[in-house]
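To start, the structure under review is shown below, and the notes come after it.
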Amino acid sequence: MITLQNVNVTFKHKTSELAAVKDVSLHIAKGEIFGIVGGSGAGKSTLVRTLNGLQKPTSGEVIIDGEDITKLKSSGIREVRKKIGMIFQHFNLISRKTVGKNIEFALKVQNYPKDKRDERVKALLALVGLEDKKDVYPASLSGGQKQRVGIARALAANPKILLCDEATSALDVHTTEEIVDILKDINRKLGITIVFITHQLEVAKELFHKVAVMSDGKIIEINEAYEIFANPKDAVTKNLVKSNVTIPSQIIKDTKGKILTLTYKGEKSIEPVIAYTNKKYNVVLNILHGKIEYIQYKPIGTLVVSIEGSEEQVSEALLYLKANVEEIEVLEDKEREAV
Ligand SMILES: Nc1ncnc2c1ncn2[C@@H]1O[C@H](COP(=O)(O)OP(=O)(O)OP(=O)(O)O)[C@@H](O)[C@H]1O
Ligand SMILES: [Mg+2]
């Protein structure tokens, strides 16, 4: 559905240049939910804006549904935009129009047949569970309801692609989950391809099939969502997905020995590995904390343990553990002193 080939975006100012997107190439399959994560200023929004022609690349190809849109004139771009809906962090609804009129306006802009608009507005409101809000104004809606209207409006003319730039970032945890569920549902029902930028890792875990990690304009890692979280390769990715298990400070103070966080593929039990380590290396591994979470229906386990023994035994045990789990993170002394 989407192919980027060596895309660069450089902003030129009077005296300086800023390369916001650097040599990005990627494929996004039809029906995929593709996530882009990365720090502020990494170039995520700029990259996504090249997909609907809001941002023209300085060089490279942007192929949407078989067509290189960088070669199109503005009338051609307008046609391509009909295939692409977009939702935003701050919803961007028209405040002086009712919910129904907001959606109808999108249909009008896209030359949707006039006599079919009413029916289409109703169907769209039903799709996002807002049948009863057609005649109210955006000001009287909650954030989650506003974003539902945003989704309905973006889907007005049956686009093939939905772009979402931090679409859940202004919402609380519960409302975010609601919106994520709606997006999953429409992805399943309509087979629409979704490109979603977020800094909310919970959203990435729950929603994305595939993830691209951006840093300083480049895509530094791209993989299935599960692999990004279970087995991150690049240091930036590791730092981004680092287990967010917080160990109570009292436990950190009271624990002798090193504290390790082990990440493992949750479908295998970790117990035999722990038991074997204790026995073979004559160390004492104590479990301090553990959890299993699911990414794309596959489990990832996180286990916090302490390890005690002679220096040599501990370092040999660590080698064995490294070979038998996905990731090991050792809590550094300076982090412990800071507790
Ligand atoms: N129109 C523009 N003119 C000049 N520089 C720009 C323009 N748009 C973006 N930039 C710069 O390009 C870089 C990438 O910006 P971009 O908005 O794509 O980052 P981002 O990853 O979306 O960040 P955030 O997470 O904060 O939204 C930044 O340094 C930004 O200042
Ligand atoms: Mg942005």
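For the chain, relative contact order (Cα pairs under 8 Å, six or more residues apart, normalised by length) works out to 17 percent. Computed per residue of the chain from DSSP H runs no shorter than four, each worth -39500 (n - 2.57), the mean residue ellipticity at 222 nm is -10000 deg cm²/dmol.
So for region 183-339, averaging the separation of alpha carbon pairs under 8 Å that are six or more residues apart and normalising by length, what relative contact order in percent results?
Taking the mean separation of contacting Cα pairs over the length of region 183-339, I get 23 percent.
Sorting 132-145, 96-109 by average packing, meaning the other beta carbons within 10 Å per residue, from highest down gives 96-109, 132-145.
Roughly how many whole Å is it from the C-alpha centroid of region 59-74 to that of region 93-134? Computed from Cα coordinates, the inter-centre distance equals 30 Å.
Applying the Karplus relation 6.51 cos²θ - 1.76 cosθ + 1.60 with θ = phi - 60° to region 156-168 yields 3J(HN,Hα) values of 3, 9, 6, x, 8, 10, 10, 9, 10, 9, 6, 5, 10 Hz, where x marks Gly and Pro. Using θ = phi - 60° in the Karplus curve 6.51 cos²θ - 1.76 cosθ + 1.60, the 3J(HN,Hα) couplings for region 181-187 round to 5, 4, 5, 4, 5, 6, 4 Hz; x is entered for Gly and Pro.
The modelled label-to-label distance between K189 and E312, using points 7 Å beyond Cα along the C-beta direction, is 6.7 nm.
Where does each of 116-122, 203-209 land if you order them by average Cβ count within 10 Å, highest first?
On the way: 116-122: 15.3, 203-209: 21.4.
Sorting 116-122, 203-209 by mean packing, highest first, produces 203-209, 116-122.
Proximity of backbone amide H atoms, modeled 1.01 Å from N, is registered between K258 and I307 at under 5 Å, excluding neighbours fewer than 5 places apart on the same chain. Placing dummy labels 7 Å off each Cα toward the beta-carbon, the span from T10 to S25 is 2.0 nm. Annotation: amide H-H contacts under 5 Å for E221 (H modelled 1.01 Å from N, sequence separation of 5 or more, or interchain): V213.
Amide H contacts of S25: N6, V7, each under 5 Å away and 5 or more positions distant or on a separate chain (H built 1.01 Å from N in the peptide plane; Pro and chain starts excluded).
From the C-alpha gyration tensor of region 234-322, pull out the three semi-axes of the equivalent ellipsoid (sqrt of 5λ each), sorted largest to smallest, in whole Å.
Working: eigenvalues 102, 54, 34 Å².
The answer is 23, 16, 13 Å, longest axis first.
By other beta-carbon atoms within 10 Å, ranking L93, L124 with the fewest at the front produces L93, L124.
Using the Karplus relation 6.51 cos²θ - 1.76 cosθ + 1.60 with θ = phi - 60°, the per-residue 3J(HN,Hα) values for region 285-297 come to 9, 10, 7, 9, 6, x, 7, 10, 10, 10, 10, 6, 6 Hz, with x marking Gly and Pro. I'd like the distance separating the alpha-carbon centroids of region 246-278 and region 283-339, in whole Å. Each part's Cα centre sits 4 Å from the other's.
Would you work out the relative contact order for region 233-308, in percent, from Cα pairs under 8 angstrom that are 6 or more residues apart? Result for region 233-308 is 37 percent. Please give the FRET efficiency for Y137 paired with V109, using the beta carbon to beta carbon distance and R0 = 22 Å, rounded to the nearest 0.05. Result of the calculation: an efficiency of 0.65. Under a GNM of the chain (C-alpha, springs under 10 Å), which listed residue has the highest mean-square fluctuation: A167, A157, A126? Looking only at A167, A157, A126, the biggest GNM fluctuation is shown by A126.
Using a Förster distance of 22 angstrom, determine the FRET efficiency expected from the C-beta separation of A275 and D254, and round it to 0.05.
Working: r = 24 Å, r/R0 = 1.08.
Step by step, r from the Cβ atoms, then E = 0.40.
Classify the chain as rounded, prolate or oblate, taking a ≥ b ≥ c as the square roots of the eigenvalues of its Cα gyration tensor: rounded when a/c is under 1.5, otherwise prolate if a/b is larger than b/c and oblate if not. Taking the square roots of the gyration eigenvalues as a ≥ b ≥ c, the chain is prolate.
Any read-out appearing in this document is the output of simple, stated calculations on the displayed coordinates, not a laboratory observation. From a predicted model like this one, the values you see are computed outputs, not experimental measurements. A quick note on method: Cβ atoms are made from the backbone with ideal geometry, for glycine too, and the neighbour counts reach across all protein chains shown.
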